[in-house]
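Visitor: Sharing a structure, written as structure tokens. Questions coming.
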Amino acid sequence: MEKKEFKAESKRLLDMMIHSIYTHNEIFLRELISNASDATDKLYYNALQNGGAGLNRDDLPINIVVDKDARTLTITDKGCGMTKQELEDNLGIIANSGSLAFKEAHDLGDDVDIIGQFGVGFYSAFMVAKKIVVVTKPVGEQQAWRWESDGADGYTIDTADKTENGTEITLYIKDKTEDEDYDRYLETYTLRGLIKKYSDYIRYPITMDIEKSREWEEGEDHPEEEEYATYVDHETVNSMIPVWKKTKAELGEKEYEEFYKGKFNDYENPARCIHQNVEGAVTYTALMFIPARAPFNYYSKDYEKGLQLYSNGVMIMEKCADLLPDYFSFVKGLVDSPDLSLNISREMLQHDRQLKAIAGSLEKKIKSELLSMQRNDREKYEAFFKNFGLQIKLGIYSSYGTKKDLLEDLLLYYSSSEKKPVTLDEYVGRMKESQKYIYYACGESTAKLDLLPQTELLRDKGYEILYLTDEPDEFVIKSMHLYKEKEFRSVSDAGLDMEDEGEQEEIKKTAEDSKDLFAFMKEHLGDSVKEVRLSSRLKTHPVCLTADGNISLEMEKVLNAMPNNNEKIHAERVLELNPRHPIFAVLTKAYAEDREKAAKLTDVLFAQASLIEGVGIDDPVAYANAVCSLLAD
Ligand code: ADP
């Protein structure tokens, strides 16, 4: 029998395949099963066309047989089979899949891992098999054919005996090596897992003999040392009907939940299930879930985002990251689209227009589901936001505000007046007619912010303040700048614009009168402060510390707490004094009569303001001494 060589380019590809230690070599089974399913589809379709009633998918199983002794794995289908010419055309040339042409057209060079990059169909079997035998009988013909190849050398085609139409592919599994445990492909347990994982939703039964054990029946003869009787069950391994292909009406909440937990290894029910069918420019079905709790590694580098990607019920990618933006990376689920080809690679996916369109549509859907949860199930939404709100905030911040429109309505911040988390929309809806700004305060906890001197007068005057307690909060607010054309203003910012004209006049006058005192204090404090000035934001507290410029005191804390930050960030401090507080009169008097005392008072007030603000003081001992000496006065 003449041995034919593979076409030159196929040979090269085959060579790469044989010597590859591609980590995902397990996908060969998916490829072969999907080929078998396609071939059965062709037969089924033709039978339907020809009025072939009575043909049932259940009668067209794809059977898997393992022979451990012979080290073979056989996949048999009852599909359309192949003629001799088809064998030559289909299995003699890899160019069919177009991968090599693509590789050359894009000048990718030889060192590119072509298997990782392209779906390679039938040839992927050479990653695990040293020899492959294909016996096939085309439907409607008498003669069956045998194709055999042990790799790069070439292949032979010969006649064969086979009564039923269809194809039987036998893989002679490679010997176990140090790098790769090929033996596992001879274990029904492994194969079953792979079928479940990749081919669960193939619409024909995938059957296998599975060895099981049972207890001996009463009176049954058995060797004493054998505790259980073993028997073989011929089982259908795949479930065949994709849950997502059922209608919402067919599926109860339970079914969604069970599917989620089984598929995505969560022990808790999801916070929300999203089932979407889209037809039009792109056609797809998506089944997505919002977990009730953030996975333990969610905010770490280890967490991998992505949705499973199916093409007509066949999984083509386990985690397609391109389908989810980072700010929605918490979403679990899958997308099934007939528009995607099976042989699509990671590389090609990135540029795939269909995929981009699907991703865009998913993003909108996720947002609208979150908003609906926010409106209709607030408690659940609050829990969601506790888990994943930080990720949404980071989305706004890391996109430099370009994702603001998309994400701003999803934010929740604790409100000083409502005493619970509120949306920006709710805040703006409650703003006083004369109120220009959305006020916020940043700090460690809402309890601490309630005690912050700067928030007291604003609250007293009936203004609502958003309490920001997450580290990136202030950066996020700054990158948003506006919400519904209202500017954000920190309670520590200059110009809070809450005094009436009379009050403003009075402040101006006092400030003028105290000019020399402030100059004295500034000189005494030196570089520790940029300015000492009069405050209009304080009610019962004598002093507060604020910052001038772009860096607030909160931001200084956050930035300096970051690892690898060698250059310390410094916010420009401003010491503000409350003219209504009795200590102000004491200070004014001391300045006129006793400069030494005025200097001590200045030190103590500055230290207090720093402590309240949580930025700490450089010299606690000097502070304590100053307090003592004032007390002893
Ligand atoms: P692809 O499936 O992407 O076309 P493959 O290399 O997997 O590429 O298969 C090449 C061709 O071989 C298929 O298109 C099909 O025509 C044929 N083929 C493979 N497996 C079978 C099978 N089990 N039954 C019939 N034809 C098959």
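The values are calculated or read from the model by the stated rules, or taken from the named source; none is laboratory data. Just so it is clear, the structure is predicted and the values come from calculations on it, not from any experiment. Here Cβ is always computed from backbone atoms with ideal geometry, including for glycine, and neighbour counts include all displayed protein chains. Just the protein is used for accessible areas: all its heavy atoms, side chains included, with ligands, DNA and RNA removed. Shrake-Rupley method; radii C 1.70, N 1.55, O 1.52, S 1.80 Å.
Visitor: In square angstrom, what is the accessible area per residue of region 508-597 with a 1.4 angstrom probe? Walk me through the numbers on the way to the answer.
Guide: Working: 5050 Å² over 90 residues.
For region 508-597, the solvent-accessible area averages 56 Å² per residue.
Visitor: Next up: Pop the C-beta distance of residue 398 and residue 231 into the FRET formula with R0 = 60 Å and round what comes out to the nearest 0.05.
Guide: Details: r = 58 Å, r/R0 = 0.97.
Result of the calculation: an efficiency of 0.55.
Visitor: Report the extension gain between residue 560 and residue 302 in nm, rounded to one decimal, defined as 0.36 nm multiplied by the number of residues separating them, less their alpha carbon distance. Each step should come with its number before you reach the end.
Guide: On the way: separation 258, 0.36 × 258 = 92.88 nm, distance 2.50 nm.
Net length gain for the segment: 90.4 nm.
Visitor: Sorted by accessible area with a 1.4 angstrom probe, largest first, how do 562, 240, 373 fall?
Guide: Values: 562 95, 240 40, 373 0 Å².
The residues order as 562, 240, 373, largest area first.
Visitor: Using mean Cβ contacts within 10 Å as the protection proxy, how do 226-236, 354-364 order, highest first?
Guide: On the way: 226-236: 11.2, 354-364: 17.9.
So the peptides 226-236, 354-364, ranked by packing, come out 354-364, 226-236.
Visitor: To make sure I understand the rule: partners must be lysines, Cα under 21 Å from the Cα of residue 131, and not fewer than 8 residues away in the same chain. Which ones qualify?
Guide: 3, 4, 7, 11, 68, 84, 162, 174, 176
Visitor: Right, next: Under the definition of Cα pairs under 8 Å and six or more residues apart, what whole-number percent is the relative contact order of the chain?
Guide: Details: 1037 pairs, mean separation 50.2, N = 633.
Taking the mean separation of contacting Cα pairs over the length of the chain, I get 8 percent.
Visitor: Say R0 is 56 Å: what FRET efficiency, to the nearest 0.05, do residue 69 and residue 250 get from their beta-carbon distance? Please report the intermediate quantities before stating the final value.
Guide: On the way: r = 45 Å, r/R0 = 0.81.
Step by step, r from the Cβ atoms, then E = 0.80.
Visitor: Hey, rough spin-label estimate for residue 594 and residue 264, points 7 angstrom out along Cα→Cβ, what's it come to in nanometres?
Guide: If labels sit at residue 594 and residue 264, their model points lie 6.9 nm apart.
Visitor: Would you calculate a helix-derived [θ] at 222 nm for the chain, using -39,500 (n - 2.57) for each DSSP H run of n ≥ 4 and dividing by the full residue count, to the nearest 500? Could the numbers behind the result be given before it?
Guide: Working: 21 runs with 236 residues, N = 633.
Mean residue ellipticity at 222 nm (helix-derived): -11500 deg cm²/dmol.
Visitor: Let me ask you something else. When the Karplus curve 6.51 cos²θ - 1.76 cosθ + 1.60 is applied with θ = phi - 60°, which whole-Hz ³J(HN,Hα) does each residue of region 241-252 get, with x for Gly and Pro?
Guide: Those phi angles translate into 9, x, 3, 6, 7, 7, 7, 4, 5, 6, 9, x Hz.
Visitor: To the nearest 10 square angstrom, how much accessible area does residue 293 have with a 1.4 angstrom probe?
Guide: 130 Å²
Visitor: Give the accessible area for residue 489 in Å² (nearest 10); use a 1.4 Å probe, count only protein heavy atoms, and leave out ligands, DNA and RNA.
Guide: Residue 489 has an accessible surface of roughly 40 Å² with all protein chains in place.
Visitor: Sticking with this one: Just to confirm a number: summing +1 for Lys and Arg and -1 for Asp and Glu over residues other than residue 145 whose beta-carbon lies under 12 angstrom from that of residue 145, what do you get? Walk me through the intermediate numbers first.
Guide: On the way: positive: 84, 137, 146, 162; negative: 86, 88, 141, 148, 158, 161, 168.
Computed value for this residue: -3.
Visitor: Can I ask one more? Which percent of the accessible area of region 285-330 is formed by carbon and sulfur heavy atoms (probe 1.4 angstrom)? Show your work: numbers first, answer last.
Guide: Values: 800 of 1780 Å².
Heavy-atom surface of region 285-330 belonging to carbon and sulfur, 1.4 Å probe: 45 percent.
Visitor: Just name one of 442, 407, 423: the one whose Cα is farthest towards the positive end of the charge dipole of region 369-452 (beta-carbon charges, Lys/Arg +1, Asp/Glu -1).
Guide: 442
Visitor: Could you tell me what percent of the accessible area of region 382-491 is made up of carbon and sulfur, with a 1.4 Å probe and every protein chain present? Don't skip to the end; give the middle numbers.
Guide: Working: 2250 of 4790 Å².
Whole-percent figure for carbon plus sulfur exposure: 47.
Visitor: Another question, then. Under the 0.36 nm per residue contour assumption, what length would be gained going from the current alpha-carbon distance of residue 512 and residue 426 to full extension?
Guide: Extra length from residue 512 to residue 426 when fully extended: 26.9 nm.
Visitor: For residue 320, which sequence-distant residues (separation of 5 or more, or a different chain) have an amide H within less than 5 Å of its own amide H, given hydrogens modelled in the peptide plane?
Guide: 307, 308, 309
Visitor: Same structure, new question: If you take every DSSP beta bridge fully contained in the chain, what fraction is antiparallel? Give it as a percent rounded to 5.
Guide: Values: 68 of 86 bridges.
Expressed as a percentage, antiparallel bridges in the chain total about 80.
Visitor: Right, next: Sorted by accessible area with a 1.4 angstrom probe, largest first, how do 382, 512, 433 fall?
Guide: Largest accessible area first, the list is 433, 512, 382.
Visitor: Could you pull out every one of the aspartates and glutamates with an alpha carbon less than 18 Å from that of residue 432, ignoring same-chain neighbours closer than 8 positions?
Guide: Partners found: 418, 456, 460, 464, 485, 487, 497, 499, 500, 501.
Visitor: Which net charge results for the neighbourhood of residue 549, defined as the other residues with beta-carbon distances under 14 angstrom from its beta-carbon, given Lys and Arg at +1 and Asp and Glu at -1?
Guide: Spelling it out: positives minus negatives among the neighbours equals -4.
Visitor: Calculate the FRET efficiency for residue 159 and residue 184 from the Cβ-Cβ distance with a Förster distance of 30 Å, rounded to the nearest 0.05.
Guide: Working: r = 35 Å, r/R0 = 1.15.
Taking R0 as 30 Å, the efficiency between residue 159 and residue 184 is 0.30.
Visitor: Could you work out how far apart the two model spin labels at residue 46 and residue 196 are, taking each label as a point 7 Å from the Cα in the direction of the beta carbon, and quote it in nm?
Guide: 3.6 nm
Visitor: How much of the DSSP bridge set in region 516-633 is antiparallel, in percent, rounded to the nearest 5? Show your work: numbers first, answer last.
Guide: On the way: 6 of 10 bridges.
The answer is about 60 percent antiparallel.
Visitor: Pulled fully out, how much extra length does the chain show between residue 624 and residue 583, if you take 0.36 nm times their separation in residues and subtract their Cα-Cα distance?
Guide: Fully extending the segment from residue 624 to residue 583 adds 12.9 nm.
Visitor: Let me ask you something else. Rolling a 1.4 angstrom probe over the protein heavy atoms, how many square angstrom per residue are accessible across region 382-491?
Guide: For region 382-491, the solvent-accessible area averages 44 Å² per residue.
Visitor: Taking only protein heavy atoms and a 1.4 Å probe, what accessible area per residue, in Å², does region 164-314 have with all protein chains in place?
Guide: Values: 8550 Å² over 151 residues.
Computed with neighbouring chains in place, this is 57 Å² per residue.
Visitor: Please list 77, 183 in order of solvent-accessible area, largest first, computed with a 1.4 Å probe with all protein chains present. Present the calculation step by step, with values, prior to reporting the outcome.
Guide: Numbers: 77 10, 183 45 Å².
Output order, biggest surface exposure first: 183, 77.
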